[in-house]
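Below is one structure, written out as structure tokens; comments come after it.
Taken together, the values in this text are just the output of simple stated rules run on the coordinates, not laboratory data. A quick note: this is a predicted structure, and the numbers were derived from the prediction, not measured. Reconstructed Cβ throughout: ideal geometry from the backbone, glycine too, with neighbour counts over all protein chains shown.
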Amino acid sequence: MALTTALVTGASSGIGYEISKLLAEQGHDLVLVARREDRLKQLAGYLEKEFDISARVIAVDLTDLEEIDRLYITLEQENIPVDILVNNAGVGNWGPFTANSSQKEMEMIQLNVMALTYLTKLFATDMVKRGLGKILNIASISGFTPGPYMAVYNASKAYVLSFSEALHAELKGSGVSVTVSCPGPAASEFHQQAGTTGALFLKLMPMMNATQVARASLSAMNKRKILVVPGTFNWLISVAPRVTPRKIMLFILKILMRPRGRQR
Ligand SMILES: NC(=O)c1ccc[n+]([C@@H]2O[C@H](COP(=O)([O-])OP(=O)(O)OC[C@H]3O[C@@H](n4cnc5c(N)ncnc54)[C@H](OP(=O)(O)O)[C@@H]3O)[C@@H](O)[C@H]2O)c1
């Protein structure tokens, strides 16, 4: 029999896919959420067979708050309480702010910020009523600094970091914990989607695999820790802004993150 039910957003690839596999291995039933239903169904079939758990697939575009309502109501009607919420789905976009597609950036805010906040509101409220639950939010080391040429992405992850830490403190003693994971670069579809493949900062930083990130993030969540930065190098990067003057930090970041061939 399954221990509890975990809902994972962005389960169709990368870190969310690996988190789903590890949660199934730990004996949790799953609710798998993303837009690509075919991929989710394939994963659900594999996990049910391999780990003797039940995996419910719900295809949702999380940039639409009404679709999030539909997801929540479906689970309520099917009497599936969510004990673990993993807010993992996220997108990025690399390039000069004034040249970037505003639609892409508005959708990024909808997904990285609004969907994460709304899902947390819905499921944390139920968890607090039951006096039990765990929430894992996937931010990024980008959340520790402003990001020239990824200004909206870094700001969205700074939001996730701040929001998660605040909520962790607020919910202390309620039986519900909030953990925020801040990975550095990880191999997934993210960099192709965000257009960062070939970027200088990616070449200079170690690339973890999605399983390593998933494992470190879940381990911190299971220990009800407030924050985890997977990988020693990434942890050093995360503390650097505390000792580096902001002007110097921004100067270095601008060089590292500037798209090649552009003057701005
Ligand atoms: N990879 C990195 O270097 C890195 C570093 C730090 C933090 N992160 C963070 O880690 C998280 C996972 O990223 P990843 O690296 O695993 O990237 P990924 O392989 O591109 O996975 C992103 C996931 O989000 C889902 N998604 C995207 N837009 C969606 C939407 N509108 N509605 C529902 N689901 C949506 C995608 O599924 P569908 O396309 O099927 O909808 C996919 O499952 C993100 O929050 C990212 O910001 C990644």
* What's the extension gain from Lys172 to Arg242 if we count 0.36 nm per residue and subtract their Cα-Cα distance? -> 22.6 nm
* Ranked Met221, Met114, Met257, criterion: other C-beta atoms within 10 Å, fewest first -> Met114, Met257, Met221
* Taking other Cβ within 10 Å of each residue's Cβ, how do Val86, Val160 sort, fewest first? -> Val160, Val86
* Distance from segment 33-100 to segment 233-257 (C-alpha centre basis), Å -> 33 Å
* Given charges at beta-carbon only (K, R positive; D, E negative), |dipole| of segment 99-242 in Debye -> 500 debye
* Asked: Taking the Cα atoms of segment 10-62, what is the range of coordinates along each of the three principal axes, in descending order and whole Å?
  -> 27, 18, 13
* Ranked by Cβ crowding within 10 angstrom, fewest neighbours first, how are Asp83, Asp52, Asp29 ordered? -> Asp52, Asp83, Asp29
* **trypsin sites (Lys or Arg not before Pro) within segment 1-57: DSSP coil, no more than 16 neighbouring Cβ in 10 Å** => Arg35, Arg36
* Over the chain, with a single point scatterer placed on each C-alpha, what log10 of the ratio I(q)/I(0) does the Debye formula yield at q = 0.13, 0.15 1/Å? -> -0.81, -1.08
* To do: Please give the contour-minus-distance gain from Lys225 to Arg35: 0.36 nm per residue of separation, less the Cα-Cα distance, rounded to one decimal in nm.
  => 65.4 nm
* Can you tell which of Val57, Ala34, Ala220 lies farthest toward the positive end of the dipole of the chain, using +1 and -1 charges on the Cβ of basic and acidic side chains (Lys, Arg; Asp, Glu)? -> Ala220
* Structure fact -> Taking Lys and Arg as +1 and Asp and Glu as -1, residues besides Asp64 with C-beta under 13 Å from its C-beta add up to -3
* the chain: angle of helix 37-51 to the longest principal axis, Cα-based, in degrees nearest 10 -> 60 degrees
* Cβ-placed point charges (K, R +1; D, E -1), dipole of segment 24-141 about Cα centre in debye, nearest 20 -> 240 debye
* Asked: Looking only at Ala11, Ala166, Ala34, which one moves most when the chain is put into a Gaussian network model with springs between Cα atoms under 10 Å?
  -> Ala166
* Helix 14-25 vs. the chain, principal-axis angle (Cα, 0 to 90°, nearest 10) -> 30 degrees
* What GluC sites (Glu not before Pro) in segment 141-221 are in a loop by DSSP, with at most 16 other Cβ atoms within 10 Å of the Cβ? -> Glu189
* To do: Could you work out the relative contact order of segment 72-229, using alpha carbon pairs under 8 angstrom and six or more residues apart, expressed as a whole percent?
  => 25 percent
* Asked: Of Met127, Val243, Ala186, whose Cα points farthest to the positive end of the dipole of the chain (charges on the beta-carbon: +1 Lys, Arg; -1 Asp, Glu; origin at the Cα centre)?
  -> Val243
* Structure fact -> Nearest-0.05 FRET efficiency for Glu48 and Met106 at R0 = 45 Å, using Cβ-Cβ distance, is 0.75
* How far is helix 151-170 tilted, in degrees, relative to the longest principal axis of the Cα atoms in the chain, given as a value from 0 to 90 rounded to the nearest 10? -> 50 degrees
* **Estimated dipole of the chain in Debye, rounded to 20 [Cβ of Lys and Arg +1, of Asp and Glu -1, Cα centre]** => 1440 debye
* Obtain the radius of gyration and the Kirkwood radius of segment 98-207 from its C-alpha atoms and give Rg over Rh. => 1.03
* To do: Enumerate the amide H contacts of Tyr149 below 5 Å, restricted to partners 5 or more residues apart or on another chain; note that Pro and chain-start residues carry no placed amide H.
  => Phe97
* How much of the calculated P(r) for segment 38-114 lies past 16 Å, in percent of all Cα pairs? -> 65 percent
* To do: Could you tell me the largest-minus-smallest coordinate of the C-alpha atoms of segment 34-75 on each of the three principal axes, in descending order and whole angstroms?
  => 33, 19, 9
* Within the set of other residues whose C-beta is less than 14 Å from the C-beta of Val152, count the net charge using Lys and Arg as +1 and Asp and Glu as -1. => 0
